[in-house]
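Below is one structure, written out as structure tokens; comments come after it.
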Amino acid sequence: MHFALTEDQILIQDAARNFSNDRLKPNAAKWDEDKHFPVDALREAAAMGFAGIYTREDVGGSGLSRLDACLIFEQLSRGCVATAAFLSIHNMCAWMIDSWGSEDQRQRFLPDMMSMDKIASYCLTEPGAGSDAASLRTKAVRDGDHYVLNGAKAFISGAGTSDYYIVMCRTGGEGPKGISTIIVEKDTPGLTFGANEKKMGWNAQPTRIVNFADCRVPVANRLADEGMGFTLAMKGLNGGRINIGACSLGGASEALDLALEYVSTRQQFGRPIGQFQVSQFKLADMATELEASRLMLYRAAASVDANDPSAAKYCAMAKRFATDACFDIANQALQLHGGYGYLKDYPMERIVRDLRVHQILEGTNEIMRVIIAKDLMK
């Protein structure tokens with residue numbers, strides 16, 4: 001086991017940290033307040049290779065590992081959790097096309113995605129199909145060289161702005177084997193979007209319902225064979241779970257640093273509150289949980305890179321643990337700030353709001369327990 005980063009990984013980490021400090025952190029509060037989707041900043045991140053971190057290099061990707069991605073998303077999230085999390089979703093979509101698409105599809109879609117001239121959204125969840133994703137109802141009926149899509153997807157990040165929608169839809173019978181994956185392009189007739197959802201956090205990215213009404217999409221836009229869609233979706237989510245855990249790690253790391261700085265200067269009862277043992281014990285537990293989360297995420301990332309048969313279990317474990325622990329770390333950091341932590345003048349309340357949804361998306365933490373238990377009992 002090697003616990004030290006390589007020289008290249010340190011350089012990657014430093015580049016992501018510098019971009020986060022220079023471009024994301026100074027603007028995060030304003031983006032949150034204005035509900036602004038910072039596409040320009042995302043394209044700047046893409047210019048650094050962060051739009052196709054583990055996409056192959058022949059289409060402009062960076063060809064890096066899942067562990068490298070962990071390092072990048074942790075640092076980006078220290079600046080803006082919501083922006084880094086959307087970048088994670090775009091990377092997941094790019095990986096699906098790179099891994100499962102034909103050579104024509106790779107060359108057609110991916111180069112523009114690597115620069116984020118074209119942005120992608122992942123469309124699995126529906127109003128009536130959340131944790132039970134295999135029960136989805138969005139239907140694609142074959143009509144010659146096209147599919148005709150009808151249905152709706154819910155909670156779709158980037159909807160309305162994104163150019164490509166990676167849609168899991170039903171081309172066959174009930175259950176997971178009847179699901180296929182189709183790329184729907186933004187200007188396709190019959191594709192419409194609901195209003196931007198009013199959310200607790202993640203305000204720096206839009207979230208809308210995506211509607212399909214007799215939406216005709218070429219069969220050439222289907223990824224892999226019919227009936228493979230659920231497999232693609234789940235494999236994509238393995239990596240997405242690591243990434244979202246790393247985004248939690250970054251937000252919690254920033255929260256812990258802010259708490260350490262605050263307790264060293266805030267005075268009560270004649271001395272800094274950091275000198276009280278109750279504060280020190282709280283900080284010690286936060287630092288321990290943060291390090292445990294980091295190790296679990298790195299372990300899961302290594303399992304995906306190695307094509308470990310138990311990768312799904314490790315990803316579920318890491319996602320469940322890290323998103324729970326890191327939300328608690330951020331919440332405790334807010335508590336250490338007292339009433340000031342509750343004010344929008346400080347970044348603490350935004351970090352807490354942005355991290356909360358990570359316990360729900362990419363599979364709820366209850367579903368992570370189901371995945372882990374199934375692996376244990378098989």
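The values are calculated or read from the model by the stated rules, or taken from the named source; none is laboratory data. If you're wondering where the values come from, they're calculated on a predicted model, not measured in any experiment. As a convention, Cβ positions derive from the backbone with ideal geometry for all residues, glycine included, and neighbour counts pool all protein chains shown. In case anyone asks, the SASA skips ligands and DNA or RNA and just uses the protein heavy atoms, side chains included. Shrake-Rupley method; radii C 1.70, N 1.55, O 1.52, S 1.80 Å.
Below, the figures for the structure above:
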read-out	value
Condition check for Phe50: part of a helix (DSSP H, G or I) and either among the aromatic types (Phe, Trp, Tyr) or modelled with pLDDT under 95 (or both)	no
Test: residue in the range 182-203 that is assigned to a strand (DSSP E or B) and closer than 30 Å to Ala29 by Cβ	yes
The range 290-332, subset closer than 22 Å to Asp257 by Cβ and acidic (Asp, Glu), residue surrounded by the most Cβ atoms within 10 Å (Cβ to Cβ)	Asp324
Any pair with Cβ under 6 angstrom, 6 or more apart, that starts in the range 307-334 at a residue that is assigned to a helix (DSSP H, G or I) and ends at one that is of a type in the set (Ser, Thr, Tyr)	Ala311/Ser303; Tyr314/Ser303; Ala322/Ser248; Ala322/Ser293; Thr323/Ser248; Ala325/Ser293; Cys326/Ser248; Cys326/Ser293
Gly172 being more than 30 Å from Arg353 (Cα to Cα) and touching a residue at least 24 places away in the same chain (Cβ under 8 Å)	yes
For Asp354: the one exception among (1) open to solvent by less than 30 Å² (accessible area, probe 1.4 Å); (2) more than 15 Å from the chain's Cα centre (by Cα)	(2)
Condition met for Ile360 (touching a Lys or Arg at 6+ places or on another chain (Cβ under 8 Å), within 29 Å of Lys199 (Cβ to Cβ) and open to solvent by 30 Å² or more (accessible area, probe 1.4 Å))	no
Meets criteria (aromatic (Phe, Trp, Tyr) and under 19 Å from Glu7 (Cα atoms)) for Phe73	yes
The range 214-227 - residue that is more than 13 Å from Ile166 (Cβ to Cβ) and out of contact with any Leu (no Cβ under 7 Å at 6 or more places or on another chain) and, of those, surrounded by the most Cβ atoms within 10 Å (Cβ to Cβ)	Glu226
Of all residues making up the range 135-190, the number that are open to solvent by 10 Å² or more (accessible area, probe 1.4 Å) and farther than 17 Å from Ala224 by Cβ	26
Residue in the range 315-334 that is out of contact with any strand residue (DSSP E or B) (no Cβ under 6 Å at 6 or more places or on another chain), more than 19 Å from Cys70 (Cα to Cα) and among the basic types (Lys, Arg) present	no
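Conditions (1) among the β-branched types (Val, Ile, Thr); (2) under 11 Å from Gln75 (Cβ atoms); (3) open to solvent by less than 60 Å² (accessible area, probe 1.4 Å); (4) in contact (Cβ under 8 Å) with a residue 40 or more places away in the chain, marked per residue:
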site: Ala15; (1), (2), (3), (4): no, yes, yes, no
site: Asp32; (1), (2), (3), (4): no, no, yes, yes
site: Asp40; (1), (2), (3), (4): no, no, no, no
site: Ala46; (1), (2), (3), (4): no, no, yes, yes
site: Ala51; (1), (2), (3), (4): no, no, yes, yes
